[in-house]
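Q: Pasting a structure below so you can have a look.
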Amino acid sequence: MKILHLITRMDGGGSAVNTLLTSQEQAKAGHDVLLVFGSSQDSKMSPIEQSKVDEGLQVFEDLGGKVQVLTSLQREVGLHDRRAVKDIRALGLGDFDIIHTHTSKAGALGRYAAGGQGVKVVHTPHGHIFHGYFGELKTKIFLKVEQYLAKKTDVLIALTQAERDDHLALNIGTKEQWQIVPSGVDVEAIAEWMWEHPVSETHKTWDTVSVGRLVPVKGMERLIAAWEVVVRAKPDAKLALVGDGEDKRSLENLASRLNIIANVEFVGWADPLPELAKAKSFSLLSHNEGMGRAVVEAMAAGLPCVVSDVCGLKELVDDSVGKVVDADDKEAVAQALMSEWPRDISRATRARAEHYSIDTMMQGLDAIYSQLLTPENNT
């Protein structure tokens, strides 16, 4: 099978990690896979993040995959978009069995470019951009674009049922078009790492840890605001933020203004597993989230999770593995973060994480691709 994956940028974010992992697994299975993405300069990756991305791309190429960077493919809207469409078409779209686009911008340009090319088109939004990203006018424009492009898409893939339902409520695609395939996480490798690097409860450094890019949509400012409430009740409480991004300075300033800078550790880009091992709980208070790979990773590490009441997060977490909260209510968030968790909650979180394994993801994608390429779908 000849497959083209197209994504706006390749960085350490969940959508990029998912796309690269999918490409690796398909190349490993013997498919002819081309991974195309923009220059990713607007991600402002740290050297550590860039190194991690480069390492993953090298693994993909070692498996026989091919990589191509299109400098015209950029996140912001501009005149370069016309060039990007030409560059995408120049890839020879008609030679592919499947074109799989990922994220909003690449999804829009890729699906527009694929029109009339006689190729099956699959799109994974990895969440949506209708809350937490843009102003009201721009959001309305993007909504109209997505409604139009859905009609030119063979299959739309949601990471969770909640994400699918959000799109359907906005009249994007039909119920028949939408399939649910969770983002795959190597839960077995995480569980094995934790087994090999145990940290006793009395030696855990962080009361709570969060993992993600330090950008507005991740809602880290809400977590810091709630942490000030936690610190008032528990002066020695420690929060660790693993990740980097454009909001780092403002988040540091917020922690300083709240007089809790000593209680918040900005770890930067790093392997999250050592920090998860040293934590008692995990929190992600995103304004918008397609699924939340970091939450699955935390559950695979045995941590209870406190998450915001948005899209995919509220589907991942219930009272058996953590708490779903109104993230704008800092008092409620703080109470959840200070919960006394059941002693056996780690068993429940690890069991929940198993539903989001790499095997589950690849079986779902294989079934969709195979169905699209059956004779009755190619007449």
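The values are calculated or read from the model by the stated rules, or taken from the named source; none is laboratory data. As the structure is a computational prediction, the values presented were derived from the model and not from experiment. As a convention, Cβ positions derive from the backbone with ideal geometry for all residues, glycine included, and neighbour counts pool all protein chains shown.
Q: Could you run through segment 341-379 and say how many residues are more than 26 Å from the chain's Cα centre (by Cα), in contact (Cβ under 8 Å) with a residue 24 or more places away in the chain and part of a helix (DSSP H, G or I)?
A: Looking only at that region, the number is 1.
Q: Still on this model: Quick one: LYS52 ticks every box in (1) buried (at least 20 other Cβ atoms within 10 Å of the Cβ); (2) at pLDDT below 95 bar one, so which box is it?
A: (1)
Q: Within segment 24-40, track down each residue that is in contact (Cβ under 8 Å) with a residue 40 or more places away in the chain and closer than 21 Å to SER72 by Cβ.
A: LEU34, VAL36, PHE37, GLY38
Q: Just to be sure I understand, how many residues within segment 192-212 are under 25 Å from the mean Cα position of the chain (by Cα) and assigned to a loop (DSSP other than H, G, I, E, B)? Walk me through it before giving the result.
A: Initially, segment 192-212 is screened for residues under 25 Å from the mean Cα position of the chain (by Cα), giving 192-194, 206-212.
Next cut, assigned to a loop (DSSP other than H, G, I, E, B) only: 207, 212.
Count: 2.
Q: Within the set of pairs 6 or more residues apart or between chains, which connect a residue that is within 16 Å of THR360 (Cβ to Cβ) inside segment 278-298 to a residue that is aromatic (Phe, Trp, Tyr) and buried (at least 24 other Cβ atoms within 10 Å of the Cβ) with Cβ atoms less than 6 Å apart?
A: Pairs that qualify, where the first residue is within 16 Å of THR360 (Cβ to Cβ) and the partner is aromatic (Phe, Trp, Tyr) and buried (at least 24 other Cβ atoms within 10 Å of the Cβ), are VAL296/TYR356.
Q: Based on what the data block shows, is LEU241 under 23 Å from ASP326 (Cβ atoms) and part of a strand (DSSP E or B)? So that I can check it myself, show each step before the final result.
A: On the way: under 23 Å from ASP326 (Cβ atoms): yes; part of a strand (DSSP E or B): yes.
Considered against the rule, which asks whether it is under 23 Å from ASP326 (Cβ atoms) and part of a strand (DSSP E or B), LEU241 comes out as yes.
Q: Quick check, is VAL215 within 17 Å of the chain's Cα centre (by Cα), closer than 24 Å to LEU20 by Cβ and at pLDDT 95 or above? Steps first, answer last, please.
A: Numbers: within 17 Å of the chain's Cα centre (by Cα): yes; closer than 24 Å to LEU20 by Cβ: yes; at pLDDT 95 or above: no.
Spelling it out, it is not the case that VAL215 is within 17 Å of the chain's Cα centre (by Cα), closer than 24 Å to LEU20 by Cβ and at pLDDT 95 or above.
Q: Identify, from the list ASP207, ASP244, ASP186, the residue that is in contact with an Asp or Glu (Cβ under 7 Å, 6 or more places away or on another chain) and acidic (Asp, Glu).
A: Working: ASP207 fails: in contact with an Asp or Glu (Cβ under 7 Å, 6 or more places away or on another chain); ASP186 fails: in contact with an Asp or Glu (Cβ under 7 Å, 6 or more places away or on another chain).
None of the other options fit; the residue is ASP244.
Q: Based on what the data block shows, is ALA114 among the aliphatic types (A, V, I, L, M) and in contact (Cβ under 8 Å) with a residue 40 or more places away in the chain? Quick ask: steps written out before the conclusion?
A: Details: among the aliphatic types (A, V, I, L, M): yes; in contact (Cβ under 8 Å) with a residue 40 or more places away in the chain: no.
No: the conditions fail for ALA114.
Q: Looking for something surrounded by fewer than 17 Cβ atoms within 10 Å (Cβ to Cβ), over 30 Å from MET1 (Cα atoms) and either among the small types (Gly, Ala, Ser) or modelled with pLDDT of 95 or more (or both) - is there at least one such residue anywhere in segment 349-369?
A: Looking through segment 349-369, at least one residue is surrounded by fewer than 17 Cβ atoms within 10 Å (Cβ to Cβ), over 30 Å from MET1 (Cα atoms) and either among the small types (Gly, Ala, Ser) or modelled with pLDDT of 95 or more (or both).
Q: I'd like to check something: does segment 219-238 contain any residue that is surrounded by 20 or more Cβ atoms within 10 Å (Cβ to Cβ), out of contact with any His (no Cβ under 8 Å at 6 or more places or on another chain) and either at pLDDT below 95 or assigned to a strand (DSSP E or B) (or both)?
A: no
Q: So HIS287 ticks every box in (1) in a loop (DSSP other than H, G, I, E, B); (2) under 27 Å from HIS203 (Cβ atoms); (3) modelled with pLDDT under 95 but one. Which box is left unticked?
A: (2)
Q: Take GLU297 and tell me if it is surrounded by fewer than 18 Cβ atoms within 10 Å (Cβ to Cβ) and acidic (Asp, Glu). Talk me through it step by step, then tell me what you get.
A: Values: surrounded by fewer than 18 Cβ atoms within 10 Å (Cβ to Cβ): no; acidic (Asp, Glu): yes.
No.
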